[in-house]
Structures are given as C-alpha cells and as structure tokens.
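Step one of this worksheet: look at the structure below.
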Amino acid sequence: MGARKGRDYIERLKNYPPETWIGNEKITDPTTHPLVAPAVKSIARLYDSQWETDKKEHMLFKSPKTGDLVGSSFLVPKSKDDLAKRRKMHQVWAEETYGMMGRSTDFMSAMMTAWYINSDFFGKYADHVRNYFEYIRENDLYLTHVLIDPQVNRGKAPSEQPDEFTYLGVVRETDKGIIVRGAKMLATAGPYADEMLVWPFHLRKPTEKDYKYAISFALPMNTPGVRLIAREPFTRDSVYDHPLASQFDELDGVVVFDDVLVPWERVFIYQDVERVNTVWKLNSNAFTGHQTSIRLQTKLQLIAGTVIKATEMVNTNQFPHVQDMMGEITTYIELIRAAVLASEMTSEPNQDGIYMPNVTPLYAIRNSGNRWYPRVREIVQLILAGGLMYQPSNADVFNSPIAADIRKYYRGAEVSADDKVKLFKLAADIAVSDFGSRHELYERFYAGDPMFLRIQTQYSAYDKSQCLALVDKLLSKYGISEKV
Ligand SMILES: Cc1cc2nc3c(=O)[nH]c(=O)nc-3n(C[C@H](O)[C@H](O)[C@H](O)COP(=O)(O)OP(=O)(O)OC[C@H]3O[C@@H](n4cnc5c(N)ncnc54)[C@H](O)[C@@H]3O)c2cc1C
C-alpha cells in the first residue's frame, strides 16, 4: 500500500474504531464524533500533505521492500542528507499543526525506526520488531504508545499494587500468544490511532519479582478487550473563539486491557526485567528528540508571532521589559534550531553505515523545553495580561445589538476590533484555556519526569570528561607557592 492519504486513514479508522469511552458514552465512530473528529481531520491533513507536489520530495522515499513510496519518518538514514530529509518531513507536519499535536504519528515512527535499527537488542524477539516496523511502514499506520502505569500507589512496586493486575501484566500463555490484564496511562491520540506500542517505563526500577510486568508488545487499537477511558475533551466547535482547541485537541486516555490476547508475533519483550531496564540502549531518544525539538520550535514560533503581533496592536511592544520577554522566547527558538542542526552535523555512522542524530544536543533541548514551555506560557500571560480576559465570549457579538460597543472598546491602536479580538482569542487559547493548560502539562511531562530526566542525561550519564579535563589542566599549572 505505501504512504497513505487522509481518506485512507479515515476509512481505516471508521472500519476499525478503538473502543473509546467519554464519560458514559461509547464512541462508535471517531471520524464523525464532534469531540474527536476535529483531531481526526487534522491528522488526515497530515497524510494528505505527504503527497503535495512541493513537499513530496522530502516527505516520501522508496520502500526498500516493495518499491512503493512510504513516509520519510520511517527512513533509516544512510547519510546526513537523509537526516535533513527527516527534519524537513517533521517540519512540514509540525507546521501543519502549529506544533500543537505532539503525538502526530511521526513521533512513533521515529521511535520505531530506532527500534528497527537496534533490533538485535530484542534477542529471540528481534524478528518480531523488524517485521512490525516493516508492517507499519508499508501500511503507514498511526501509532500511539502507553508506557506509564496507573497512578495508584507510586510508593510500591508493580507486584505490590492493591490488585495483582492494577499494572499491566501477563495472566497466562497460550499457543497463540500471551493474555494480558491491567491498565496503562496515557495514550495520547489513542481514540483515533490505528495501533499502540506498549512498554513499561518506571521511575522505580522493577526487580526480578516484577517479571510479569516486564513486557513489550504492539496491538491494533481495536483489539477485543482493549478499551480507552478518555479524559474530558477540550475540543470546541468555534474555530474563531478557540482556533487551536477546535482543531488540535489530541485526546489522552487510560488504556484498559481486559484479558487481551497478544499474538506471539507481536511480543517484543517477554517477562524480561533486564531488558525493560535497559531499553534506553535502543537510543530511540535520538529520533524522537529530533522530532520533538522540531515540533517545539514550531510551537514557540507560533507563540512568539502571536505575542509580537498582539503587543503591536496595543503598543505595549514599546516597553523594554516586554521586548525583553519576547526576546526570551525567540532565544529558545534559536537554541532549538541550533541543537537540531548540531544533532545532524555531529552524527557519526554506526557499524552498518546508519546515521542517527547525535542525541546529546537533543537531550539538552528536551531537558530545557520542559521548563521553557511553562515559562513561555507565563510570558504570554505577563505581556498580554487582562487582554487575555477582556475578549467577548464569542464571535456572535459582532452581529448583536451591542456590536458598536465591541467595535469601539475592543479595537487596538491602529487595528479594528474584528482583527484584534481574533488574534487575542488565539493568545487566550495558548495562555489561559483548558487546552492551553493541558499543553503546559504535556510539555512538562511528555518525555517523563523533568527532574529525573535531567539528572540522568545531563548529569549521571553526561560525558563530563571535557569539563573535568579543563579544570585538571588549569590546576596542573600551579602549586602552593605559584605567584604571578
Ligand atoms: C498531557 C500528557 C500526555 C501524555 N502522553 C503520554 C503518552 O502518549 N504515552 C505515555 O506512555 N505517557 C504519556 N504521558 C505520561 C507521561 O509520560 C507521565 O506523565 C510522566 O512520565 C510522569 O509520570 P506520572 O504522570 O505517572 O507521574 P508520577 O511518576 O506519578 O510522578 C508524580 C510526582 O511524584 C514524583 N515521583 C513519582 N515516583 C517517584 C519515585 N519513584 N521517586 C521519586 N519521586 C517520584 C515525581 O517526581 C512527580 O513529582 C502523558 C502525560 C501527560 C501529562
């Protein structure tokens, strides 16, 4: 089949809908349900964009298996040009969603590309990983992933939770596969994905007694026994009043596995504590970090543009501290841009001639972005202040008996109320809406706990040799009696 178009994605989702619950309502067709369909439409646009004439060159490549054109987020890079091709692909999708859909499927294709490259890690299940990667590449499937256990008792190990299967674990084996029971959080985009990848990620490292929870596998979202309990959707119907929430609310949910059969060919790690504790060796952060940095850069560009325009409208852009804070946002944008390019330029081929992005500069962005984003949202609030709250409740007011009030009191220095309200509604969706709050939480946590991430990658595993060598060089040059 190869790379899909939007209509292929929608058709498949209509035929194989995940079992999603929003409150007491079971969603039977995510492609038409008013709270889910807007996100589906946005994803469909991404699939369509792969085929646009001016983008095709970096969005697609020839499958090494079938010769069909497939998505570049599955490209195994054999040169720095290939890395650049992947970057351009991620950028097109990030710009199409203004960086607001963190789990557009190029995120998971990026992760799976690393799993494929390093599939030997999976030992006797390595072929399962390789076959699965080729299957999702050739069918251009949309994946979500669920790693985290339900937040029930973080003080105890998986095997010590109130119920044996609070956390997802193996109930028994059959000839066909394994039966699993329990739950996982949070499947962002789960209600409109085709497939999910499951693997455990714990702050508290599992020990041998937690072996039955040490599993990884992939399944279609509509597998019998799998159901998704969605959070409250933030989707709104008016694009004018909620330009982001109306189009890009990627719904998150808890996935429940009710004695679900996972066929053997979909099992990647099986009751193997050692492997789940060393999954970092796959270096998937190199590809996911590449994708997420490019996406964050785009999102910050949208926010910077929004505040630059908004402050021009009310002339607060003349004040130095306002300029300083806008400069803070553009500083982050440029640091990301530099890190992404550095990750490509300093990439070294592995023994098979494969180039993965250098993860070190990308880690620096991941460990900063989770702090920058809350600060950037705060800057929008500090700069636009009450302007974020004084917008009329909805666009109908322009066709009401009080329209003249709006045109008089909601105009800007040199701009009509129509244009100003439109822009400030966008700013409010970023800075003060429920959708905007979820985005702050997302950026803080999407890659894991910010503090532990920074300790692990910027301190414990950080290559300190250059820093230490510099100090040693200086110290070696003088003794107690050294004078100038
Ligand atoms: C909007 C959003 C979308 C997400 N999407 C996905 C997704 O698509 N797929 C997915 O798999 N996950 C997803 N996540 C989950 C995300 O990976 C987790 O939120 C993140 O890893 C933190 O885990 P937690 O939320 O369980 O917090 P917890 O681990 O419960 O942490 C809560 C607090 O307790 C502290 N704490 C917890 N355990 C320990 C410990 N052992 N030692 C010391 N301190 C501890 C933490 O530091 C933190 O301050 C998403 C999260 C959000 C908010």
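Return the tail of the calculated pair distribution for region 363-484, meaning the percent of Cα-Cα pairs more than 21 Å apart.
62 percent
Test of understanding: express the Cα radius of gyration of region 6-280 as a ratio to 2.2 N^0.38 Å, with N the residue count.
Region 6-280 yields a ratio of 1.01.
For region 1-118, what is one quarter of the convex hull surface built on the Cα atoms, given in nm²?
For region 1-118, the mean projected area of the Cα convex hull comes to 8.5 nm².
For region 139-204 and region 360-423, compute the distance between their C-alpha centroids and round to whole Å.
Comparing the Cα centres of region 139-204 and region 360-423, I get a distance of 39 Å.
Mind giving me the nanometre distance, one decimal, between the label points for L203 and E25, set 7 Å out from Cα along Cα→Cβ?
Modelled inter-label distance: 3.5 nm.
Using the Cα gyration tensor of region 208-316, with a ≥ b ≥ c the square roots of its eigenvalues, what is the shape: rounded (a/c below 1.5), prolate (a/b larger than b/c) or oblate (neither)?
Oblate.
Ignoring GluC sites (Glu not before Pro) that are buried or in helix or strand per DSSP, and keeping those with at most 13 other beta carbon atoms within 10 Å, what is the longest stretch of the chain between them?
53-413
Determine the distance separating the Cα centre of region 67-132 from the Cα centre of region 263-297; give it in Å without decimals.
One Cα centre to the other: 12 Å.
May I ask you to list the residues of region 190-205 whose amide nitrogen lies under 15 Å from a point 7 Å from Cα along the Cα→beta-carbon direction of D68?
none
Work out Dmax and Rg for region 283-471 from the C-alpha atoms and quote the Rg first, both in angstrom.
For region 283-471, the Cα-based Rg and Dmax read 20.8, 73 Å.
Pull up the DSSP beta bridges for the chain and report the antiparallel fraction as a percent, rounded to 5.
Antiparallel bridges make up about 80 percent of those DSSP assigns within the chain.
Given a 1.4 Å probe and every protein chain left where it sits, what share in percent of the accessible area of the chain is carbon and sulfur?
53 percent
Would you calculate, for the chain, the mean residue ellipticity at 222 nm contributed by helices, counting each DSSP H stretch of 4 or more residues as -39,500 (n - 2.57) and dividing by all residues, to the nearest 500?
-14000 deg cm²/dmol, from helical runs alone.
Please go through region 165-194 and write out the trypsin sites (Lys or Arg not before Pro) that DSSP classes as loop and that have at most 16 other C-beta atoms within 10 Å.
Listed in order of number, the matching sites are K176.
Excluding ligands, DNA and RNA, what is the solvent-accessible area per residue of the chain at a probe of 1.4 Å, expressed in Å²?
45 Å²
Let me know the Rg and Dmax you get for the chain when you use only its Cα atoms, in Å.
24.2, 87
Calculate the tail of P(r) for region 47-193: the fraction of all Cα-Cα distances greater than 21 Å, expressed in %.
Beyond 21 Å sits 56 percent of the P(r) for region 47-193.
Suppose the chain between S460 and K422 were pulled fully straight at 0.36 nm per residue; how much longer would it get relative to their current alpha carbon spacing?
The S460-K422 span can extend by a further 9.0 nm.
The values are calculated or read from the model by the stated rules, or taken from the named source; none is laboratory data. Being a predicted model, the structure only gives us computed values, none of them experimental. So basically every Cβ, Gly included, is an ideal-geometry build from the backbone, and we count neighbours across all protein chains shown. For accessibility, only protein heavy atoms count, side chains too; no ligands or nucleic acids. Shrake-Rupley method; radii C 1.70, N 1.55, O 1.52, S 1.80 Å.
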